[in-house]
Amino acid sequence: MPKLTRREFLLSLAALPALKLALPSLELLPAAHRLSGPASQSAADQPNFLVVVFDALSAQHIPTFGYQRDTMPNLTRLAEKATVFNQHYASANFTTAGTASLLTGLYPWTHRAIQYYGHTRWSVADNNIFRLLPDEYYKVAYTHNPLASALLHQFQDGIDQLEARHKHALTDGLWSDVMFANDFPVSIYAERVITGLHSRPPSAPYLQFLNLLRFRSESEKYEKAFAEQFPRSLPDAEFDALFRLEDVTDWLSQLTTTVATPYFMYIHMFPPHAPYNTRADFVDIFNDGWQPIEKATNPMEAENVGLQRMLDARRYYDEFIAYVDAEFGRLYDQLEKSGALDNTYLILTADHGELFERGIVGHGGTAMYDGVTHVPLMVWKPGQQQRVDVHQRTSAVDLVPTLLHLTGQPTPDLCEGTVLPTFSDAADPSDRSIFALEAKLNNSFAPLTVGTTAFYHGPHKLVHYMGYENSPSEEGYYELFNLANDPEELENLVDSNKTVARDMKEQLAQKIDEVNRPFRRA
């Protein structure tokens with residue numbers, strides 16, 4: 001019998017989906033990732049950290065940040081004893097790039113996880129929070145989102161407890177994280193090819209058909225069992241995962257009372273990411289006929305969704321956010337009751353937001369409007385009882401330096417963020433610039449020539465669409481907004497405020513040239 005190549009072996013396992021069901025507790029992780037004993041207790045005075053990320057949660061859909069609909073009453077209640085960052089921005093408009101920045105403190109042009117299921121460059125991979133935090137921390141990670149899972153598996157050498165997705169899901173067609181945790185990049189690629197993800201034809205239709213039959217049987221069982229609780233269908237994520245937030249909430253509540261301390265937990269939930277399958281309590285609660293301001297379409301976006309579809313999608317999204325709020329409120333109350341918050345920083349944020357305007361529904365295209373980049377950041381410090389509002393502009397790349405500062409660690413020179421305001425005595429620079437980048441069409445190992453960059457400085461935001469085939473000129477397409485006067489980004493000032501536009505274009509061009517230099521040498 002001829003020997004199989006590694007790739008052929010991985011692909012052949014797709015024909016054995018039942019193996020995963022037969023071995024639900026299988027964990028092919030290095031021994032270091034299955035610690036059952038306590039971590040070092042030598043730093044009992046060190047604080048714990050629980051970072052909760054809700055995928056695609058836009059700050060512009062949260063009443064704490066001025067949204068008209070009361071999507072998050074629990075968050076409104078809890079904000080009264082939190083530090084609220086009112087102008088916090090993701091570094092990208094989709095999960096891979098945004099999550100990589102959260103975990104490394106690097107902008108996408110540096111970490112280069114800029115494509116779906118991408119990984120950071122290995123030369124900067126050790127600059128991740130799991131490796132940078134002191135060794136005495138017990139590190140836990142979990143996500144519903146396989147794009148985020150690809151990054152967590154890249155960083156798994158620094159994670160003590162990397163939970164497989166199926167542990168807290170009702171169904172799960174993903175087997176790469178269980179059967180090939182150490183070869184996740186190759187295995188997840190094989191799964192994507194086989195299953196025909198993102199409307200691509202599957203490479204092995206018969207295997208996809210067998211897997212579909214298996215999933216349909218499972219899903220029908222659970223959909224029927226939870227039909228009353230989730231009338232629009234259960235929440236689900238890519239690779240046939242059906243789940244409930246309640247199950248993760250309960251697991252976290254228990255884990256924080258039993259896990260070794262000090263601990264760092266990174267928990268990346270899929271909701272309110274599409275599909276927006278909310279719980280029965282919240283179905284139609286925003287069927288109120290409200291319409292936001294209509295905005296001109298973006299000439300760089302091929303999508304042009306009709307008004308009614310945008311309104312319906314927005315309403316479903318808002319109702320899904322209400323479910324997120326209910327479970328986060330329940331989690332907070334349980335943590336407070338158990339005493340888990342006495343020495344724990346609880347941090348809520350998102351990897352990116354969501355858009356329902358200009359003919360766009362969702363995220364991940366070329367557009368970088370604030371609906372997709374302005375995300376929540378709220379921190380509950382141990383013992384904090386009064387609300388503190390921070391109005392300085394902050395970025396996702398600031399999380400890593402802040403966590404390191406709180407544990408007495410220096411910020412690595414490679415980090416592109418700073419310690420968040422209120423966490424240190426250092427003055428926050430009033431003229432600070434921050435950035436966000438979309439570059440899925442750009443080679444990860446080449447200089448940036450195709451993509452969209454958002455550049456925030458003072459009250460202004462410059463957006464540059466460069467290198468796209470439909471660019472109106474060789475220079476690309478620019479948008480300039482004064483967010484202080486025009487938070488809805490209605491008026492493009494590129495032609496009417498030529499001085500600011502010229503200065504910001506020059507600054508952005510210099511920055512792009514700077515970050516491109518290492519890749520030109522390579």
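Only residues that are open to solvent by 20 Å² or more (accessible area, probe 1.4 Å), farther than 22 Å from MET179 by Cβ and part of a loop (DSSP other than H, G, I, E, B) were counted in region 105-151, giving 7.
Each row is one residue, and each column tells you yes or no for (1) at pLDDT below 95; (2) surrounded by 22 or more Cβ atoms within 10 Å (Cβ to Cβ); (3) within 22 Å of the chain's Cα centre (by Cα).
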position	(1), (2), (3)
GLU319	no, yes, yes
LYS337	no, no, no
ASP342	no, no, no
TYR345	no, no, yes
HIS352	no, yes, yes
PHE356	no, yes, yes
GLY371	no, yes, yes
GLN384	no, no, no
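Every test in (1) at pLDDT 95 or above; (2) under 30 Å from MET300 (Cα atoms); (3) in contact with an Asp or Glu (Cβ under 6 Å, 6 or more places away or on another chain); (4) open to solvent by 10 Å² or more (accessible area, probe 1.4 Å) is passed by SER433 save one, and that test is (3). One residue alone among SER471, SER424 is more than 22 Å from the chain's Cα centre (by Cα), open to solvent by less than 50 Å² (accessible area, probe 1.4 Å) and within 25 Å of GLY118 (Cβ to Cβ), and that residue is SER471.
Of all residues in region 47-60, those being farther than 20 Å from TYR263 by Cβ and open to solvent by less than 10 Å² (accessible area, probe 1.4 Å) number 6.
Just one of the listed residues (ASP240, ASP288) is under 26 Å from HIS61 (Cα atoms) and open to solvent by 10 Å² or more (accessible area, probe 1.4 Å), namely ASP288. Inspection of region 241-251 identifies no residue that is out of contact with any strand residue (DSSP E or B) (no Cβ under 6 Å at 6 or more places or on another chain) and farther than 23 Å from ALA322 by Cβ. What pairs come out if I take residues in region 496-522 that are part of a helix (DSSP H, G or I) and pair them with residues that are open to solvent by 80 Å² or more (accessible area, probe 1.4 Å) whose C-beta lies under 7 Å away, six or more apart or interchain? Filtered contacts from region 496-522: PHE519/PHE445. Look at region 66-81 and say how many of its residues are touching a helix residue (DSSP H, G or I) at 6+ places or on another chain (Cβ under 9 Å) and either surrounded by fewer than 24 Cβ atoms within 10 Å (Cβ to Cβ) or closer than 22 Å to PRO412 by Cβ (or both). Looking only at that region, the number is 11. Give all pairs with beta carbons closer than 6 Å in which a residue from region 163-182 that is under 18 Å from LYS139 (Cβ atoms) and without any contact (Cβ under 8 Å) to a residue 60 or more places away in the chain meets a residue that is charged (D, E, K, R) and open to solvent by 30 Å² or more (accessible area, probe 1.4 Å); count only pairs at least 6 apart in sequence or on separate chains. Sorted first by the residue in region 163-182, then by its partner, the list stays empty. Looking at VAL305, is it open to solvent by less than 30 Å² (accessible area, probe 1.4 Å) and assigned to a helix (DSSP H, G or I)? Taking the combined requirement at face value, the residue does not satisfy it.
The values are calculated or read from the model by the stated rules, or taken from the named source; none is laboratory data. Just so it is clear, the structure is predicted and the values come from calculations on it, not from any experiment. Here the Cβ is made from the backbone with ideal geometry for all residues, glycine too, and neighbour counts use every protein chain on show. Surface areas here come from the heavy atoms of the whole protein model, side chains and all, with no ligands, DNA or RNA. Shrake-Rupley method; radii C 1.70, N 1.55, O 1.52, S 1.80 Å.
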